[in-house]
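Visitor: First the structure, then my questions, so here it is.
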Amino acid sequence: MYNPKPTSRFILFSLVLLLLLSFLSPSISSELDLSDEDGDDVEALEELIALDEQEDSQQQNAESEFVSKAQRIVLELNNDNTKRAIDGNEYVLVLGYAPWCVRSAELMPKFAEAATALKELGSPLLMAKIDAERYPKIASTLDIKGFPTLLLFVNGTSQPYTGGFSAEELVIWARKKTGVPVIRISSDAEASQFLNKYSMFVVGLFDKSEGPDYNEFTKAAKMDNEIQFVETSNAEIAKHLFPNFKPTNLFLGLVKSEPEKYSEYEGTFSTEGILQFLDDNKFPLITVLTELNAARVYSSSNKLQVLIIAEPDDFKKNVEPLQDVARKFKSQIMFIFVDIREDNLAKPFLTMFGLEESKDSVVISFNYRSNLKYLLESDATPTSIEDFCSGLLSGSVSPYYKSQPIPDNKNMSILTVVGKTFDELIMNSPENILLEIYTPWCITCETTSKQMEKLAKHFKGLANLIFARIDASLNEHPNLQVDDYPTLLFYSADDKTKPIQFPTKSSAKDLAALINKNLKAHDPEIRDEL
């Protein structure tokens, strides 16, 4: 929430005071003695207001000048200078953007801030940006296809940006890719300066900057794309950086500005072990999902994720007990908070569970290794979430499949199947079944539906044949894996595990012939024509 500056509040109060004075009744104002002294007071008040306005203006000008200076450091690419800039510099980080893109607008000042920091550090990296809408041909040659796009060119050859999107993360990634994977600290002053700049880092203590352990440390530093690595040979400096440090000759720890601020590495010094340690500990106990960090969250090595989708106020009320829950499952489950008011972030998840209109807190889980999803069907409390997580790990929680309410199919020529009735009406049915699978947004589904109605009417009264349909946008089942709509599947009474797919572009007559072909073995009295 925005809090006005003290000077702004003073101006507002002064204006209100002047307005009140101007609206006083004539009888009251006639009693006032408007002497020169009062005039001096008014003049003094006006001077104060002018000074406040001048102060605000100077501050705004200073901020504007800083932003302008930072933006000038970033080279604006165009048709004339792009090739020269990329071919003439060993390292060029290019931001492809569009003026109308909201995420581009959010990233632009952070990109400029990172450019300023890198210049101060003496980085050889050239930071550049290009308006891909204004220069589409150049953007295309750079392989910029979406917005925003970040590409690093090393001697003219591009590679995708794989870091975070804060100014600090941009600087870390850029320095690692341009030859500075590890910063060495030799004094308390350097340590204090470092702590003022970085909110998350890896600190390593080594007697010498050589040897197998040190080599694995530097390899991990080069391979990691997000976290600044720092080394020292002084135990006191290590303690300055990592207060929980216990005297030892070899040490590695992760520091971050979260409740779990200090994490000590206890494994053997191997590149893989260090990187896995970082993957397990680099995120907060509960990560707040944003559009900028979404890619990092989804690509996390922890493929079992629990999402708490709720109002921020509701989440804040329980954040500490929820962090305690997250701490118990650390490295096993990744916990994520999603603001239910953010449609771009929350709605896709809610839609996958058929809960688009939900206003209450929702707790869901995805196992990206098995491609299964789960829903906490009781009230979302720290205790129920803990039980839910325990069940996920033990396998006692069943996967969730969307389903509409069970419909009344009485006297229906085509049965409506939902997720909850798929086993009963399809898999466990003793009859032959022709199932139409459709979605409301499918353009050609209506034509197939009309064909189904003709077929149902023609085969009416046939005891061993049932016509059915299911809306795949609202219903799911593990045995219903379809990627194209509409789809017609014929489930033989003899084997429901291997349905036969019928062509949806066939005429009703051709479809009737296919049905007859598959039914004749069971009923010789089937009619051959429509």
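The values are calculated or read from the model by the stated rules, or taken from the named source; none is laboratory data. Just so we're clear, the structure is a prediction, and the values are computed from it rather than from any experiment. Quick reminder, even Gly has a Cβ in these numbers, built from the backbone with ideal geometry, and neighbours come from all protein chains shown. When the accessible area is computed, the model is the full protein with side chains, heavy atoms only, and any ligands, DNA or RNA have been set aside. Shrake-Rupley method; radii C 1.70, N 1.55, O 1.52, S 1.80 Å.
Visitor: Largest first and in whole Å, give the semi-axes of segment 72-172's equivalent ellipsoid, each being the square root of 5 times a Cα gyration tensor eigenvalue.
Guide: 19, 17, 12
Visitor: Extension gain T383-K197, at 0.36 nm per residue separation less the Cα-Cα distance, in nm?
Guide: 63.1 nm
Visitor: Would you mind counting up the charge near E226? Only other residues with Cβ under 13 Å from its Cβ, with Lys and Arg at +1 and Asp and Glu at -1.
Guide: Result for the local shell: +3.
Visitor: Once R0 is set to 56 Å, what does the formula 1/(1 + (r/R0)^6) return for the Cβ-Cβ distance between Y262 and D495, expressed as a FRET efficiency to the nearest 0.05?
Guide: 0.40
Visitor: Another question, if that's okay. What FRET efficiency do you get for S187 and K208 if R0 is 22 Å and r is their Cβ-Cβ distance, rounded to the nearest 0.05?
Guide: 0.75
Visitor: Here's another thing I want to ask about it. Could you sort V297, V102 by accessible area so the largest value comes first, with the probe set to 1.4 Å?
Guide: V102, V297
Visitor: In whole Å, how far is the Cα centre of segment 167-190 from that of segment 81-154?
Guide: Spelled out, the Cα-based centre of one part sits 21 Å from the other.
Visitor: Among N196, I185, G164, which residue has its Cα furthest toward the positive end of the charge dipole of segment 141-275, with +1 on Lys/Arg Cβ and -1 on Asp/Glu Cβ?
Guide: Looking along the dipole axis, the top candidate is G164.
Visitor: Would you calculate the separation in nanometres between label points at E446 and K460, each defined as 7 Å from the Cα along the Cα-to-beta-carbon direction?
Guide: The modelled label-to-label distance comes out at 2.4 nm.
Visitor: Same structure again: Give the calculated FRET efficiency between R341 and S270 to the nearest 0.05, with a Förster radius of 45 Å applied to their Cβ-Cβ distance.
Guide: Here the calculated transfer efficiency is 0.55.
Visitor: On to the next question. In debye, nearest 20, what is the charge dipole magnitude of segment 180-280 about its Cα centre with +1 on Lys and Arg Cβ and -1 on Asp and Glu Cβ, if you could check?
Guide: So the dipole magnitude of segment 180-280 works out to roughly 280 debye.
Visitor: Determine ³J(HN,Hα), in whole Hz, for all residues of segment 209-219 in sequence, where each value follows from phi through the Karplus function 6.51 cos²θ - 1.76 cosθ + 1.60 and θ = phi - 60°; x replaces Gly and Pro.
Guide: Once rounded to whole Hz, the list reads 7, 6, x, x, 5, 5, 5, 5, 4, 5, 4.
Visitor: If you filter segment 229-323 for chymotrypsin sites (Phe, Trp or Tyr not before Pro), then keep DSSP loop positions with at most 12 other Cβ within 10 Å, what is left?
Guide: The qualifying sites: there are none.
Visitor: Same structure, new question: What is the distance, in nm, between label points placed 7 Å from the Cα along the Cα-to-Cβ direction at S166 and at K222?
Guide: Between S166 and K222, the label points sit 2.8 nm apart.
Visitor: Same structure, new question: Which shape class, rounded, prolate or oblate, goes with segment 415-521 when its Cα gyration tensor gives a ≥ b ≥ c as root eigenvalues, a/c under 1.5 marks rounded, and past that a/b bigger than b/c marks prolate?
Guide: The shape class here is oblate.
Visitor: Which far-off residues, 5 or more places away or on another chain, put their amide H under 5 Å from the one on E231, with H placed in the peptide plane?
Guide: For E231, the qualifying residues are I183, R184, I185, G204.
Visitor: Residue by residue, what Karplus-based ³J(HN,Hα) values in Hz, rounded to whole numbers, does segment 167-177 have, using 6.51, -1.76 and 1.60 with θ = phi - 60° and x for Gly and Pro?
Guide: Listing the rounded values in order: 4, 4, 5, 4, 5, 4, 4, 4, 5, 5, 7 Hz.
Visitor: Can you tell me the length gained on complete extension of the stretch S394 to Y298, counting 0.36 nm per residue apart and subtracting the Cα distance?
Guide: Full-extension gain reported as 32.3 nm.
Visitor: May I ask you to compute the full-extension gain from L474 to S140, defined as 0.36 nm times their residue separation minus their alpha-carbon distance, rounded to one decimal in nm?
Guide: 116.3 nm
Visitor: Between rounded, prolate and oblate, where does segment 286-394 land on the alpha carbon gyration tensor, with a ≥ b ≥ c its root eigenvalues, rounded for a/c under 1.5, else prolate if a/b exceeds b/c?
Guide: Taking the square roots of the gyration eigenvalues as a ≥ b ≥ c, segment 286-394 is rounded.
Visitor: So, one more: When the distances between all Cα atoms of segment 165-284 are binned every 5 Å from zero, what whole-number percent does each bin get?
Guide: With a bin width of 5 Å, the distribution comes to 2, 12, 24, 27, 23, 11, 2, 0.
Visitor: Sort segment 224-288 into rounded, prolate or oblate with this rule: let a ≥ b ≥ c be the square roots of the eigenvalues of the Cα gyration tensor; rounded if a/c is under 1.5, and if a/c is not under 1.5, prolate when a/b is larger than b/c, oblate otherwise.
Guide: Verdict is oblate for segment 224-288.
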